[in-house]
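Report on the following structure.
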Amino acid sequence: MDRINQALELNPEERNLFLKYAAGYNGKPPIQSKFVGYFWASQNTGEYVIPEKPPAGAVPPTAPVAAASTQPPVVTEGASLENKLSAWVLAPLIFVFLGFDNGQIRRFFISLVPNRYFELSLTVLDRLDDAIGNYLRGTLIDCFLVAVTLTLGFILLGIPVGIAVAIGIVSGLSSAIPFLGTVIALGIGVTYALIAENVRPLIPGLNPNDLALYVVILIIITRVLEDVVFQPFVLGSAVNVHPLVVIIAIISGSLIMGLWGMLFAIPTVVVVKTAVATFFRELKDYRII
């Protein structure tokens, strides 16, 4: 948006001409005050990606065009984008290195535990390991169901089987990250629907010319099924969490931390629930409390 606004920015000659017409020029009526206000707002700030702020003071239409627009905060936006990309790149690398860990991290934390709580700590870690494994398996099943739903839907819409399977697999695997699978399916599916020719839907009564609209409807239905059925029931049963708790956790995570909150909402609930339940049960079994 910054690049587009810079390309459309008025040059000094055009600004002078606008100010002449703003006050009424060559027999023309004055320009509406709101458009003049937009003009001065764009001259007083270069923050194009931030909602426009009203000018600090009422500037008369005949004021000289001396207030040159400041350059947009390219460095700030670039730094923000770089931080986001770094987080998305580093997160998978962290999981990869954790996958190659041969128990050193676990042994290190166990060595810090007093002997009295040694068996208790091992039990808690084993239960957490099982819970996280169940979550990963439930996530894989969720991705598989999303992929199957999209694939069958694309085939019914007349898209060739090979392309439908490819879009379904990519979108299904990407659905492990909230909304990423939906965006990928929407982008690839709509693009193919707009350029495809001689597509004949298998569902009677569908107009091939409206294929892009049908793709959007299919993706919306898949998204609703994932939010209402797949995640609450399939993933919830895999981690032994009530479906309502899954929905509340996802909504709360998105409100608190946005995309990252949605991504880690269910694992956090699983870890906290398993750790607390196991901890208190084992404390009673070992008669520590």
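The values are calculated or read from the model by the stated rules, or taken from the named source; none is laboratory data. Every value quoted in this text rests on a predicted model; they were computed, and no experiment measured them. In this analysis, Cβ positions are derived from the backbone assuming ideal geometry, glycine residues included, and neighbour counts consider all displayed protein chains. Ligands, DNA and RNA are stripped out before the accessible areas are found, and what is left, the full protein with its side chains, is counted by its heavy atoms. Shrake-Rupley method; radii C 1.70, N 1.55, O 1.52, S 1.80 Å.
At a glance:
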read-out: Per-residue ³J(HN,Hα) for the stretch 111-126, Karplus 6.51 cos²θ - 1.76 cosθ + 1.60, θ = phi - 60°, Hz, x for Gly and Pro; value: 5, 7, 7, x, 4, 5, 10, 5, 5, 4, 5, 4, 5, 4, 5, 5
read-out: Whole-percent carbon and sulfur share, accessible surface of the stretch 201-281, 1.4 Å; value: 77 percent
read-out: Selection of chymotrypsin sites (Phe, Trp or Tyr not before Pro), the stretch 240-289, meeting DSSP coil and at most 15 other Cβ within 10 Å; value: Tyr286
read-out: Of all accessible heavy-atom area on the stretch 111-158, the percent that carbon and sulfur account for (1.4 Å); value: 66 percent
read-out: Rounded to whole Hz, the Karplus (6.51, -1.76, 1.60) HN-Hα couplings of the stretch 217-234, x for glycine and proline; value: 5, 4, 5, 5, 4, 4, 5, 5, 4, 5, 6, 9, 10, 5, 5, x, 8, 5
read-out: R0 of 35 Å, Cβ-Cβ distance Asp2-Trp260: FRET efficiency to nearest 0.05; value: 0.85
read-out: Virtual spin-label span in nm between Val224 and Lys284, 7 Å along Cα→Cβ; value: 4.4 nm
read-out: Accessible area per residue in Å² at 1.4 Å probe, computed on the stretch 93-237; value: 60 Å²
